């Protein structure tokens, strides 16, 4: 199914070159920026499914764009699976655009009607969660390239991909400028023949909705005495991924009425007795966990713990033997070293936020320079000195 989706996206990207002439018959299908118009910026990501990291990231990017541009310069649109889950996160002038997990046509319409696309999902090019998610980003990048519009991947992670996905990324993302969130991701990106800059996670721009004093009050209401150390645990199921399309499972569910393990439509979580057993073992072992101790399922936590130089002391993996014993020992050490860790964390967060500021300026330059290049190209074509049909430069 994922391969069929790849071939469908190839067709849609090729057909997207016809969006401009087709707009004469289909008003609103296509738009391009011109001087005096607001830049319509599309935030492309996995939003609206109550994934906290994904939603926080797109909120932070929208806020940063508003700081970088004047209100009369841009119009922001956020793609979401469910607008009702994101209402209240954004100012009224930010549009929420609903799309489906059957996304190819929705994404074609969205990209064609906007001037700039920003790929917001952290897991931009990876097979960890779903091949369809990577193909989602590849389609957006491919359409924007075909229509000579700027596309920027912002705070992106690049990791292991199945071979056909590597082919898709190298093909469709050639003109996308990547600002990765780690050096390791940049290295993986360059292996694909793509270019970019190593920054950090876009979510570092996000400020919490409540103050420290309000957080203190809420914790006290739940019985905290203000003195005892606090323990935060964030546990996921690392063994239910990736999500894959399966018509067989869908048809079986249609006949039996049992859709257990269904993500949406014919997409299903990975499942087996071995995976369920591994998850139960993980839960039991992590029950003495600590937030500074990372229990990783892929390169995302690996990379950030390496940046903090905590990987040798506080980084473990969901499949490690004696995971509980390792966490216990790391928990004791982290408590002993808590003041050093707190100071290092504050320094690193400040460094990340400074990096976000640099990334924002780079993103703004990329948006503006791409449009200036297009305008220059049009001028040259009109005088017979440019190459018909393409940008003279993109990145």
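Could you tell me whether region 93-110 includes any residue that is touching a helix residue (DSSP H, G or I) at 6+ places or on another chain (Cβ under 7 Å), under 20 Å from residue 363 (Cα atoms) and without any contact (Cβ under 8 Å) to a residue 40 or more places away in the chain?
Scanning region 93-110 turns up at least one residue that is touching a helix residue (DSSP H, G or I) at 6+ places or on another chain (Cβ under 7 Å), under 20 Å from residue 363 (Cα atoms) and without any contact (Cβ under 8 Å) to a residue 40 or more places away in the chain.
The residue that is farthest from the chain's Cα centre (by Cα), among those in region 157-176 that are touching a residue at least 60 places away in the same chain (Cβ under 8 Å) and more than 20 Å from residue 300 (Cα to Cα), is 164. The residues of region 302-323 that are surrounded by fewer than 18 Cβ atoms within 10 Å (Cβ to Cβ) and either under 19 Å from residue 231 (Cα atoms) or in the same structural domain as residue 201 (by TED's automatic domain parsing) (or both) amount to a single one, 313. Taking region 234-325 as the region of interest, the strands (runs of 3 or more DSSP E) fully inside it that hold 1 or more residues being in contact (Cβ under 8 Å) with a residue 12 or more places away in the chain and more than 26 Å from residue 337 (Cα to Cα) are 262-264. Within region 201-226, being in contact with a strand residue (DSSP E or B) (Cβ under 7 Å, 6 or more places away or on another chain) and assigned to a loop (DSSP other than H, G, I, E, B) holds for one residue alone: 201.
Condition first: out of contact with any strand residue (DSSP E or B) (no Cβ under 7 Å at 6 or more places or on another chain), buried (at least 24 other Cβ atoms within 10 Å of the Cβ) and assigned to a loop (DSSP other than H, G, I, E, B). Can you find one or more residues in region 119-142 that meet it? Yes. Counting the residues of region 60-86 that are more than 20 Å from residue 362 (Cβ to Cβ) and out of contact with any strand residue (DSSP E or B) (no Cβ under 7 Å at 6 or more places or on another chain) gives 6.
When residue 126 is tested against (1) within 12 Å of residue 157 (Cβ to Cβ); (2) at pLDDT 90 or above, just one condition goes unmet, and that condition is (2). If you go through region 157-190 and keep only what is surrounded by fewer than 16 Cβ atoms within 10 Å (Cβ to Cβ) and under 15 Å from residue 132 (Cα atoms), you end up with 160, 162, 163, 164, 167.
Here is a check on your reading of the model: is residue 230 loosely packed, with under 12 Cβ neighbours inside 10 Å, out of contact with any strand residue (DSSP E or B) (no Cβ under 9 Å at 6 or more places or on another chain), assigned to a loop (DSSP other than H, G, I, E, B) and free of Cβ contacts under 8 Å to residues at least 12 places away in the same chain? Yes.
Look at region 191-211: where a residue is in the same structural domain as residue 54 (by TED's automatic domain parsing) and a partner is modelled with pLDDT of 90 or more and part of a loop (DSSP other than H, G, I, E, B), sitting 6+ places away or on another chain with Cβ atoms under 6 Å, you get 194/173.
The values are calculated or read from the model by the stated rules, or taken from the named source; none is laboratory data. Remember, predicted model here, so these are calculated numbers, not experimental data. Please note: Cβ atoms are built from the backbone with ideal geometry, for glycine as well, and neighbour counts cover all protein chains shown.
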